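The values are calculated or read from the model by the stated rules, or taken from the named source; none is laboratory data. A quick note: this is a predicted structure, and the numbers were derived from the prediction, not measured. Cβ sites come from the backbone with ideal geometry, for glycine too, and all protein chains shown count toward neighbours.
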Amino acid sequence: MEVEVHLTDGVQELATRTREISRSGLFAFACPAPPVGKELRVTLYPRGGAVLHLDGRVRYRLPDIGAGISVFGQDDALARYQGFVASQAQAVLAWHAIRGFLAEEDVHASSGYYEARELIPIGERCQALQILFERFPGRPAEERISEAGGTRLERDGEKLKCISQERLGLKLHADDRLREVFVGQTDRGHFVAVIPPGDDNRELALYRLGGREHIAISAGGHSIFPHFTPSDLLAIRRAQVEILGSAYVQDTAFERSPTHGDAPHHAQSAELSRWHRFDDGLARRLLELFRRHQHETRVYSIRGVSREVKFLRDLSLEIRAMGPLESRESARLLHDGRRLCVVLGSERSSWRVRPLSEGDEVRLLGLAQSADHSEA
């Protein structure tokens, strides 16, 4: 997950972004990467949340890419950081469900035609690499490592099992150059880029792939390795919708409700805390919530058309479907670029998405504690 981060050793300061964060640390892009053991002051700037100040130490580095940094600090600072990480982890799961919902909609509406571009995302679950290794089984890691002059390849107790037959063109992040590297699969099923030795590193290094990286499939209109067939490309497309950008915003261009647009915030919240049947009037009031509350916006490419998707994940709703068997579920509000939807689930259950319909009743519960950025 990407968060703006500033790193300083008291002399030099670097403004960059994270690739991933966990309870114990983070990986930050940096070129050149700071040396292992270097102590740093780490300042995180979450979108819509309070600034987090921590101390850190470089645990490992990938030259020309970045460094893994362990974080520590005062109990309250560390607790706020870990609370933020937990909130972000839940948000990631919710966005996975949203992207799956959009991908299914895209496939059902599509004629099946896929226009090959020079670069495509490898996919949330690395679908492109799964297909690659099914069609072109990798070579044993020991054989490939010995050819490259390295020794064993292992990180965090995870061993490399096999490596691709040929190098692939990969961009590891949006601002990265196109790299020609081998990719591999570990004994735990994760896919990694195998970074070759360089001037300041004597051994091969592993970079775990998370799905946002891009793989080259054509150059100048001609297919290049891994030679995905049209059916391969369609399978990759069925499993993903490409994200073009994201932001966490306070205001939006959603139209004001002519009836409730000037109503006091607390009055509208109190009124929405009662059950209401979903109709056009309620839809206008729910859209107003996006203007009044912070929400995350992502832009997706669906059949070549950009759609702005807005997720109001810090506000909790309750949904009940009318019928002989009444069911109540906790929910978050979503606008998928065309209509109002709900993201259903909780920290203890899987997330799923569906549009709101006239058979639903909705009420507002308030700020969702697990995702409240003020606690982060």
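Could you list, in sequence order, the residues of the stretch 34-51 that are among the hydroxyl-bearing types (Ser, Thr, Tyr) and either touching a Cys at 6+ places or on another chain (Cβ under 8 Å) or closer than 14 Å to Phe72 by Cα (or both)?
Listed by number, the list holds a single entry, Thr43.
Are any residues in the stretch 13-34 of a type in the set (Lys, Arg) and not in a loop (DSSP other than H, G, I, E, B), and if so, which ones?
Once the filter is applied, which keeps residues that are of a type in the set (Lys, Arg) and not in a loop (DSSP other than H, G, I, E, B), the stretch 13-34 yields Arg17, Arg19.
Exactly one condition in (1) over 30 Å from Ser223 (Cβ atoms); (2) at pLDDT 75 or above; (3) not aromatic (Phe, Trp, Tyr) is false for Gly149; which is it?
The one condition Gly149 does not meet is (2).
Residue by residue, here is whether (1) surrounded by fewer than 20 Cβ atoms within 10 Å (Cβ to Cβ); (2) of a type in the set (Lys, Arg); (3) part of a helix (DSSP H, G or I); (4) not assigned by TED's automatic domain parsing to the domain that holds Leu312 holds:
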site: Ala50; (1), (2), (3), (4): yes, no, no, yes
site: Val58; (1), (2), (3), (4): no, no, no, yes
site: Ile69; (1), (2), (3), (4): no, no, no, yes
site: Ala86; (1), (2), (3), (4): yes, no, yes, yes
site: Ala89; (1), (2), (3), (4): yes, no, yes, yes
site: Glu104; (1), (2), (3), (4): yes, no, yes, yes
